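Since the structure comes first, as structure tokens, the remarks are kept for the end.
The values are calculated or read from the model by the stated rules, or taken from the named source; none is laboratory data. Note that the structure is a prediction, hence the values are computed from the model and not measured. Please note: Cβ atoms are built from the backbone with ideal geometry, for glycine as well, and neighbour counts cover all protein chains shown.
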């Protein structure tokens, strides 16, 4: 998301500094995502004269704030499609891994986060989506990560991706992404890959969703609960396999046109 906020800064002769106005504050993923991006200043460059400060960093994400037992969403926030500057090796990896035009199905959410159960669409429904798409002649792919993937889809071709950047380079070659709201849906938007993104009832699509995606959410207020809650479980249960398949077919028909 930060790369979207910084887009175009270099053309103005500026760089964006993500931090508190005095210190550039990156998290454990920033160096990987921001690598090679001329729009973004790195830690240690705080004294540069061409900085534009944006208070977007871990613990201060602008689109939400901690309300004790849940996130309170900033309903005025709208994400800007990001960008990833790939190196030749990453592009080469993607070209060797698979031809273009496949469907990525991602059944996993980060299991170490307390909110994971609230963002998890039933895995058996992901399996059914993959089965139906494969039966219709589409190539279905699931990415497998260095730490492994908790949920593995039987009907998907498995491709190991060594880093998030390699995953994103391969995602750029996909026809569509199907999966949860999160890092991969932001990456899909950054590489201009359409998607069917399953929001459920945790976070509003208006806050972190993109126009190039079909964003599926329950007709209910997004609770942002830090702990597993019945509301989010019911919200996810209300999204059917047929809705996801319809979203895929819509995007595939647009690609074919």
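Could you look through region 239-252, keep only residues that are in contact with a strand residue (DSSP E or B) (Cβ under 8 Å, 6 or more places away or on another chain) and surrounded by fewer than 19 Cβ atoms within 10 Å (Cβ to Cβ), and pick out the one that is nearest to residue 132 (Cα to Cα)?
Selected residue: 243.
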Can you confirm whether residue 19 is at pLDDT 95 or above and either assigned by TED's automatic domain parsing to the domain that holds residue 187 or buried (at least 16 other Cβ atoms within 10 Å of the Cβ) (or both)?
yes
Considering only region 67-79, I want to know if a residue exists there that is without any contact (Cβ under 8 Å) to a residue 60 or more places away in the chain and farther than 30 Å from residue 131 by Cα.
yes
Residues satisfying the stated conditions in region 22-37, i.e. within 15 Å of residue 86 (Cα to Cα) and either crowded, with 20+ Cβ neighbours inside 10 Å or not assigned by TED's automatic domain parsing to the domain that holds residue 57 (or both)
33, 34, 37
When residues of region 118-127 are filtered for being assigned to a helix (DSSP H, G or I) and surrounded by fewer than 17 Cβ atoms within 10 Å (Cβ to Cβ), how many remain?
2
Do the conditions hold for residue 174, that is, is it under 18 Å from the mean Cα position of the chain (by Cα) and either crowded, with 19+ Cβ neighbours inside 10 Å or within 30 Å of residue 65 (Cα to Cα) (or both)?
yes
Pairs, first under 16 Å from residue 159 (Cα atoms) in region 128-142, second at pLDDT 95 or above and assigned to a helix (DSSP H, G or I), C-beta under 6 Å, six or more apart:
140/130; 140/133; 140/134
Applying the selection to region 99-117, what residues are surrounded by fewer than 16 Cβ atoms within 10 Å (Cβ to Cβ) and touching a residue at least 12 places away in the same chain (Cβ under 8 Å)?
99, 100, 101, 110, 111, 114
Please determine whether any residue of region 181-197 is in contact (Cβ under 8 Å) with a residue 24 or more places away in the chain, touching a helix residue (DSSP H, G or I) at 6+ places or on another chain (Cβ under 6 Å) and surrounded by fewer than 16 Cβ atoms within 10 Å (Cβ to Cβ).
no
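Evaluate region 191-207: report whether one residue or more is in a helix (DSSP H, G or I) and out of contact with any strand residue (DSSP E or B) (no Cβ under 9 Å at 6 or more places or on another chain). Full working, then the answer.
Just the residues of region 191-207 that are in a helix (DSSP H, G or I), to begin with: 205-207.
Those left that are additionally out of contact with any strand residue (DSSP E or B) (no Cβ under 9 Å at 6 or more places or on another chain): none.
Looking for residues that are in a helix (DSSP H, G or I) and out of contact with any strand residue (DSSP E or B) (no Cβ under 9 Å at 6 or more places or on another chain), one finds none in region 191-207, hence no.
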Wholly within region 1-106, strands (runs of 3 or more DSSP E) carrying at least 3 residues that are farther than 27 Å from residue 221 by Cβ
15-18, 51-54, 103-105
Residues of region 158-171 being surrounded by 19 or more Cβ atoms within 10 Å (Cβ to Cβ) and in a loop (DSSP other than H, G, I, E, B), in sequence order, are 161
